[in-house]
Amino acid sequence: MNINKNYLELQDSYLFSTIAKKVSEFIKANPNKEVIRLGIGDVTLPLAPVVVEAIKKAADEMGKKETFKGYGPEQGYAFLREAVKKYYSRKSVELESDEIFISDGAKSDLGNILDIFGLDNTVLVPDPVYPVYVDTNIMAGRKIVYADANESNGFLPLPDDSVKADIIYMCSPNNPTGAVYTKEKLKKWVDYALKNNAVILFDAAYECFIKSDELPNSIYEIEGAKECAIEFCSFSKTAGFTGTRCGYTIVPKTLERDGVKLNKLWLRRQTTKFNGVPYIVQKAAEAVFSEVGQKQIKENLQYYNDNAKIIAETMDEKGIWYTGGKHSPYIWLKCPNNMTSWEFFDYLLNNIGVVGTPGAGFGKNGEGYFRLTSFGDREKTIEAMKRFRSLF
Ligand code: MLT
């Protein structure tokens with residue numbers, strides 16, 4: 001038996017596991033210090049009341065013979081796919097039901113989708129970016145090239161015709177920088193993909209933080225994208241489902257390579273390896289799209305937006321350079337006093353008990369930067385910023 005040696009090329013542990021381990025060691029050594037976590041982008045507000053009601057009702061249905069459900073439809077229940085379809089049509093993106101696949105979250109599908117692509121493809125990943133894109137491709141042994149995102153391009157790299165890529169990852173609003181592609185800039189990537197026969201994997205997990213009608217929530221707002229892009233989205237950040245688990249992946253039927261519809265390949269993959277999301281959870285997700293659901297989740301999103309403002313104001317006050325926080329739950333700041341991002345991580349943790357995410361964990365261009373999340377509890381965010389001010 002041989003192991004998959006590609007795993008040996010990975011860093012010892014996943015970024016957020018490394019942070020969690022460091023924090024628990026710190027707590028063990030300093031049991032009396034209160035640690036405030038603004039590291040992993042995990043939500044803190046409870047599920048919206050209408051979502052909780054839907055879960056209870058669905059649980060009751062599962063407890064009665066007449067309404068009990070076994071295996072669900074392979075791509076997800078029609079009621080949820082219809083709700084997703086309707087959600088997209090608000091921005092004039094028309095989808096067909098069988099282009100929508102209900103999943104247990106964006107992260108799983110962003111990794112799993114790679115099953116349908118050959119190992120000889122070159123993968124283009126922006127740097128810095130969500131580490132899952134890189135790690136999943138290292139596991140598979142694919143060649144990875146990077147597109148530099150930095151202050152000079154506003155952390156929004158554009159295609160370089162001299163670079164040949166077959167699979168392109170994009171995340172907008174970006175994790176970790178909070179940068180958002182305009183339609184014009186996104187169009188350049190769509191044009192590049194069409195010209196090079198490449199496929200864009202578009203991570204829209206943070207689209208609900210976009211506050212301008214001018215900015216695209218979906219890559220399908222760009223002409224030609226249905227011929228070259230797969231989109232991933234999730235209820236995690238939108239509706240607090242990080243622990244409930246539900247998302248969706250869009251594979252347009254017009255997306256073909258080598259004369260084969262990628263939709264067909266993905267369906268084949270999913271029906272073989274995935275048995276769907278629980279009925280109870282799909283009912284919860286459906287409630288998110290109801291009129292009252294939309295109102296309730298917007299209140300929660302406003303809470304996080306206000307947290308972002310509190311963090312941003314502190315950075316302004318201290319003259320610390322940052323970006324994000326506007327159409328994104330993340331504040332991406334420059335580490336003061338030329339500290340490296342892990343030095344800054346230790347400095348904050350040891351001196352004020354505040355946890356963030358070191359930029360270097362998102363790629364080499366993240367070195368010297370640091371990410372704070374606005375998903376924390378309000379009082380704790382205020383307290384963290386009070387401690388931050390006392391330090392600088
Ligand atoms: C993050 O902190 O980047 C996210 O919470 C990770 C994720 O969504 O998996």
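The values are calculated or read from the model by the stated rules, or taken from the named source; none is laboratory data. Every value quoted in this text rests on a predicted model; they were computed, and no experiment measured them. Neighbour counts run over all protein chains shown; Cβ positions are idealised from the backbone, glycine included. What goes into the accessible areas is simple: the full protein's heavy atoms, side chains included, and nothing from ligands, DNA or RNA. Shrake-Rupley method; radii C 1.70, N 1.55, O 1.52, S 1.80 Å.
Of all residues in region 141-148, none are crowded, with 18+ Cβ neighbours inside 10 Å, over 15 Å from Leu124 (Cα atoms) and modelled with pLDDT of 95 or more. Determine, yes or no, whether Ile382 is open to solvent by less than 50 Å² (accessible area, probe 1.4 Å), within 30 Å of Arg245 (Cα to Cα) and away from the ligand (no atom under 16 Å from the Cβ). So Ile382 fails the test. Here Thr314 meets each of (1) under 25 Å from the mean Cα position of the chain (by Cα); (2) in contact (Cβ under 8 Å) with a residue 12 or more places away in the chain; (3) not assigned by TED's automatic domain parsing to the domain that holds Val129 with one exception, condition (1). Selection over region 181-211 of residues that are within 16 Å of the ligand (Cβ to nearest atom) and of a type in the set (A, V, I, L, M) gives a count of 3.
The residues of region 224-238 that are within 12 Å of the ligand (Cβ to nearest atom), surrounded by 24 or more Cβ atoms within 10 Å (Cβ to Cβ) and among the small types (Gly, Ala, Ser) amount to a single one, Ser234. Considering the conditions (1) of a type outside the set (S, T, N, Q); (2) at negative phi; (3) within 16 Å of the ligand (Cβ to nearest atom), Gly178 is excluded by exactly one of them, (2).
So which residues in region 261-287 are closer than 30 Å to Asn197 by Cα and either of a type in the set (D, E, K, R) or open to solvent by 20 Å² or more (accessible area, probe 1.4 Å) (or both), if there are any at all?
Answer for region 261-287, where residues must be closer than 30 Å to Asn197 by Cα and either of a type in the set (D, E, K, R) or open to solvent by 20 Å² or more (accessible area, probe 1.4 Å) (or both): Lys261, Lys264, Leu265, Leu267, Arg268, Arg269, Thr271, Thr272, Lys273, Phe274.
The condition (being over 25 Å from Thr136 (Cα atoms), open to solvent by 10 Å² or more (accessible area, probe 1.4 Å) and not in a helix (DSSP H, G or I)) is satisfied by just one residue among Lys211, Lys164, Lys195, Lys188: Lys211. Checked against the criterion of being among the basic types (Lys, Arg), at pLDDT below 95 and loosely packed, with under 12 Cβ neighbours inside 10 Å, region 33-46 contains not a single residue that satisfies it. For region 326-344, give me the residue count where each residue is among the hydrophobic types (A, V, I, L, M, F, W, C) and within 14 Å of the ligand (Cβ to nearest atom). Within region 326-344, residues that are among the hydrophobic types (A, V, I, L, M, F, W, C) and within 14 Å of the ligand (Cβ to nearest atom) number 2. Select from region 9-44 the residues that are assigned to a loop (DSSP other than H, G, I, E, B) and either away from the ligand (no atom under 15 Å from the Cβ) or β-branched (Val, Ile, Thr) (or both) and list them in ascending order. Those that are assigned to a loop (DSSP other than H, G, I, E, B) and either away from the ligand (no atom under 15 Å from the Cβ) or β-branched (Val, Ile, Thr) (or both): Leu10, Gln11, Asp12, Asn30, Pro31, Asn32, Lys33, Glu34, Val35, Ile40, Val43, Thr44.
Residue check: Trp332 meets all listed conditions (1) in contact with a strand residue (DSSP E or B) (Cβ under 8 Å, 6 or more places away or on another chain); (2) assigned to a helix (DSSP H, G or I) but one, namely (2).
Residue-by-condition table, conditions (1) among the β-branched types (Val, Ile, Thr); (2) part of a loop (DSSP other than H, G, I, E, B):
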site	(1), (2)
Gly376	no, yes
Glu379	no, no
Ile382	yes, no
Met385	no, no
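Please determine, by comparing only the residues of region 1-22 that are among the β-branched types (Val, Ile, Thr) and under 23 Å from the mean Cα position of the chain (by Cα), which one is most open to solvent (accessible area, probe 1.4 Å).
Thr18
All of Tyr169, Tyr133 fail the test of being of a type in the set (Phe, Trp, Tyr) and assigned to a helix (DSSP H, G or I), apart from Tyr133. Exactly one residue among Lys253, Lys295 is farther than 17 Å from Glu99 by Cα, modelled with pLDDT of 95 or more and away from the ligand (no atom under 16 Å from the Cβ), and that residue is Lys295. Taking Val125 as the residue in question, decide whether it is outside any loop (DSSP other than H, G, I, E, B), open to solvent by less than 10 Å² (accessible area, probe 1.4 Å) and within 16 Å of the ligand (Cβ to nearest atom). The answer is yes for Val125. Looking across region 357-374, not a single residue is surrounded by fewer than 16 Cβ atoms within 10 Å (Cβ to Cβ) and part of a loop (DSSP other than H, G, I, E, B). Screening Gly243 with (1) within 13 Å of the ligand (Cβ to nearest atom); (2) touching a residue at least 24 places away in the same chain (Cβ under 8 Å); (3) not aliphatic (A, V, I, L, M) gives one miss only, at (2).
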